[in-house]
Amino acid sequence: MNADAYDRGFARLSRHAVAPLLARSRSARRLLDVGCGSGVVTEAALALGSEVTAVDADPAMVELTARRFPGAAVRRATLPELPFDDGEFDAVAGNFVINHVPDTAASLRELRRVLRPGGTLALSWWAAGEMTATAVLSDAMEAAGLASGPPRPFAADAGPERFAALLAAAGFADAEVESVRWRHRVDLDAWWTEVVGAGGARFGTIGRQPAAVAGLVRAHYERLAAPYARDGFPVRAHIAHARRP
Ligand SMILES: C[S@@+](CC[C@H](N)C(=O)[O-])C[C@H]1O[C@@H](n2cnc3c(N)ncnc32)[C@H](O)[C@@H]1O
């Protein structure tokens with residue numbers, strides 16, 4: 001991905017979930033930020049005084065986070081396998097990564113493994129059907145006759161009850177899922193430029209289309225996004241908290 005475009009665009013949206021994500025791990029000494037992207041969780045955890053390790057599957061994200069936050073130990077790693085010993089962390093936080101991993105159950109087992117007994121897990125993901133900020137882009141692609149990216153394997157796991165059951169099956173205790181809603185106020189031109197420019201699996205394809213096709217998607221985007229220009233896109237995220245017994 002283009003990590004700088006991600007940081008200018010999507011990370012301004014994802015950072016709204018960071019405070020509730022870290023609410024139960026504020027006193028963690030050793031914290032793992034999994035799927036760190038451009039480092040919004042790393043930045044907040046460092047400010048709270050944690051020793052932060054951050055990993056991401058994408059080398060460009062690793063490079064950007066390492067450059068921005070030299071106080072963190074940043075390396076490349078891809079769930080469901082992590083290059084850490086059992087019980088190495090007091091807390092694991094993953095902001096909008098669990099919905100990208102290929103095997104949710106195996107990833108949860110791996111996150112449990114690297115937590116010490118009593119350690120805390122916090123994971124966020126988007127509430128299905130309530131993520132207007134990207135729905136306008138996928139709807140615009142569909143209206144222009146383009147498939148909006150690869151199928152999302154996480155969809156079946158995305159409900160709070162189903163996810164809490166997966167956490168229990170992976171060996172976590174005290175699983176709770178909260179919901180957070182906010183409005184993403186953003187310049188609509190800038191949102192298009194940065195999200196398409198980030199080159200991710202879902203919307204990066206728009207930038208690789210012939211100009212006429214990309215222009216058609218853009219026209220549909222402008223129509224679909226216009227109602228949100230003043231008050232922003234309504235979005236809702238789920239945040240799961242759990243503890244390794
Ligand atoms: C939506 S971004 C979230 C980034 C950051 N946590 C934030 O809140 O802005 C998802 C991140 O997860 C990373 N990712 C996707 N699949 C992954 C996997 N299997 N293991 C580790 N990271 C992964 C992507 O490269 C991307 O940086």
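The values are calculated or read from the model by the stated rules, or taken from the named source; none is laboratory data. Just so we're clear, the structure is a prediction, and the values are computed from it rather than from any experiment. Cβ: placed from backbone, ideal geometry, glycine included. Neighbour counts: every protein chain shown.
Observations
- Restricting attention to the stretch 72-92, the residues that are acidic (Asp, Glu) and either within 16 Å of Thr104 (Cα to Cα) or within 12 Å of the ligand (Cβ to nearest atom) (or both) add up to 1.
- Test result for Arg109, within 17 Å of the chain's Cα centre (by Cα), at pLDDT 95 or above, farther than 20 Å from Arg202 by Cβ and of a type in the set (Lys, Arg): no
- Some residue of the stretch 159-175 being free of Cβ contacts under 8 Å to residues at least 24 places away in the same chain and among the small types (Gly, Ala, Ser): yes
- Filter result for Ala47 (surrounded by fewer than 21 Cβ atoms within 10 Å (Cβ to Cβ), touching a Lys or Arg at 6+ places or on another chain (Cβ under 8 Å) and among the aliphatic types (A, V, I, L, M)): no
- Selection from the stretch 203-245 of residues that are within 16 Å of the ligand (Cβ to nearest atom) and surrounded by fewer than 17 Cβ atoms within 10 Å (Cβ to Cβ): Arg236
- Residue within the stretch 93-110 that is farther than 21 Å from Ala175 by Cα and out of contact with any Asp or Glu (no Cβ under 8 Å at 6 or more places or on another chain) present: yes
- Of all the numbered requirements in (1) on the phi < 0 side of the Ramachandran plot; (2) crowded, with 23+ Cβ neighbours inside 10 Å, Gly35 misses one, and that requirement is (1).
- The stretch 97-117 residues that are touching a residue at least 12 places away in the same chain (Cβ under 8 Å), paired with ones that are in a helix (DSSP H, G or I) and near the ligand (Cβ under 10 Å from one of its atoms) (beta carbon under 6 Å, 6 or more apart): Val101/Ser107
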